[in-house]
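Quick note: the coordinates plus some simple rules give every number you see, no bench work behind them. Since we're looking at a predicted model, the values are computed, not measured. When we count neighbours, we look across all protein chains shown, and the Cβ atoms used for this are built from the backbone with ideal geometry, even at glycine.
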Amino acid sequence: MELQVEQLCKSYRRKEALREVSFTLRKGIYGLLGENGAGKSTLMRLLATVDFPTRGSIRCDGKDIFQMDEEYRSFIGYMPQNYSVYPGFTARDFLEYMGVLKGIPKEKLKSRIDEVLEFVNLSDAAGRKVKTFSGGMKRRIGIAQAIINDPKILILDEPTAGLDPKERIRFSNIISDMGKDKIVLLSTHIVSDIEAIAGGLVVIKKGEILETGNVDALVQKVKGQVWEAVVRQEAYQRLRKERSVIHLKQMGKEVQVRFVGEKYADENCPSTEMNLVEPTLEDYYIFAGGREEMGGGFS
Ligand SMILES: Nc1ncnc2c1ncn2[C@@H]1O[C@H](COP(=O)(O)OP(=O)(O)OP(=O)(O)O)[C@@H](O)[C@H]1O
Ligand SMILES: [Mg+2]
C-alpha cells in the first residue's frame, strides 16, 4: 500500500496552512513533527478526508482518496487532536457507535471492542461515561476508536499528549506492532516518542515540508556536531547566538550545555571542556529548525 501526497495546498479564509506539500508513505511508522501552527492537524484532517484540499492530491495506490470515499474510510483509522463524545456515552457505547459507523459486522463488534479496550488498558472502565474520564483516558479511548476497524492506514494526531510515562510505553508497544502491516502516521511534539517507534519522519514548518526521510539517516546528519560542555555565563550568551542549543542546566556561575554545530577553535573556545556526544533525533530537529531560520538548513 502506498499513500502519495502531491503538491497539497490548504488555505483557510486568510491563512495558507499548507503549501505545496509532497511526500509518499509506505508500510511503516512515521512521525509528523512541527511546531504549534505548522499545519500538522490540517494535513491529518486531509489525509482522513474530513476536510478537503484547496489544491493538490492525495492518492492511495493510485486512486484519489476523495473519490474513493466509503472504500477509503473503511480502511482508515483517525484520531483527531480534539474530539467530543456524546456526553452520555460510556466507553463501550462510544466504541460500539464508532464500530457501526465503520461498518464492522454486529457479530464481530463485541469481541473487537473487548480487544481494543484491553489494548488501551481501559477494560475496567468500559461501563464508565467517557465524560468522567481523565485526559489520558480520553486519549486512550480515542486511540481505541481509531484502531477498532483494524485500519490499514492509521492517522493519530498527538496520541501521546497527556499520557503518563507508563501509558506512553504501552502505547509505543501497541503502535510498534502495528507498523508491520500498516501505514501509521502520528504527530507529536515529543521527539523522543518518534525516536522510540517511528522509522520515518516528516518535518513540517509553517505549512511547508522541511524534511522527510528515515529517522536514523536524519540523526546521522548531525553526527560529529553534537557537543556537551560546561561554560561560563558570558560564554553561554555567545554560544546561544552562534550555535543551536539543545538544552542546558544552570550550575551556579556556569552552565552545562548541549549544542549542535561546529566545534569552536581552541583560541575562541568558550568552555573548559567540550565533549563530542552521540546525536539524537532531538539534536537533529532543533538544528534543522534553527538553521532554517538563519537561512541555512540542509541541502
Ligand atoms: N478552521 C480554520 N480556520 C482558519 N485557520 C485555521 C483553521 N484550522 C487551522 N488554521 C490555521 O492553520 C494553521 C495550521 O494549523 P494546524 O492546526 O494544522 O497546526 P498544528 O501543526 O496542528 O498545530 P498544533 O501543534 O498547535 O496542534 C494555523 O495557523 C491555524 O491557525
Ligand atoms: Mg495540531
Requested in this report: Compute the signed sum of charges (Lys and Arg +1, Asp and Glu -1) over the other residues within less than 15 Å, Cβ to Cβ, of GLU254.
Outcome: +3
Query raised in the report: Using 17 Å as the cut-off for backbone N distance, which residues of the stretch 190-233 belong to the label zone defined by a point 7 Å from the Cα of LYS263 along Cα→Cβ?
Result: 222-231
Query - Neighbour-limited loop hits for trypsin sites (Lys or Arg not before Pro), the stretch 10-83 (at most 13 other Cβ within 10 Å; DSSP other than H, G, I, E, B) - result: ARG13, ARG14, LYS15
Query raised in the report: Put a dot 7 Å past each Cα toward the Cβ at GLU228 and SER123; how far apart are the dots in nm?
Result: 4.1
Requested in this report: With 10 Å bins from zero, work out the P(r) of the stretch 169-276 over every alpha carbon pair and list the percent per bin.
Outcome: 12, 34, 26, 21, 7, 0
Query raised in the report: If each Cα of the stretch 119-172 is one equal point scatterer, what is log10 of I(q)/I(0) from the Debye formula at q = 0.14, 0.15, 0.19, 0.30 Å⁻¹?
Result: -0.35, -0.41, -0.66, -1.37
Report summary line: Label model pair LYS27, HIS189: point-to-point distance (7 angstrom along the Cα→beta-carbon line) in nm is 3.5
Query raised in the report: Relative to the present Cα-Cα distance, how much length would full extension add between GLN237 and ASP114 at 0.36 nm per residue of separation?
Result: 38.7 nm
Report summary line: Checked the stretch 188-231 against the a/c 1.5 cut and the a/b vs b/c comparison, axes a ≥ b ≥ c from its Cα gyration tensor; verdict prolate
Requested in this report: Please give the peptides 101-114, 75-88 ranked by average Cβ packing (other Cβ atoms within 10 Å per residue), highest first, as a rough proxy for protection.
Outcome: 75-88, 101-114
Report summary line: Yeah, the chain with a ≥ b ≥ c from its alpha-carbon gyration tensor (a/c under 1.5 is rounded, else prolate when a/b outruns b/c, oblate otherwise) is prolate
Report task. Please identify which residues in the stretch 1-38 have an amide N closer than 17 Å to a label point set 7 Å out from the Cα of GLU71, following the Cα→Cβ vector. Result -> 1-4
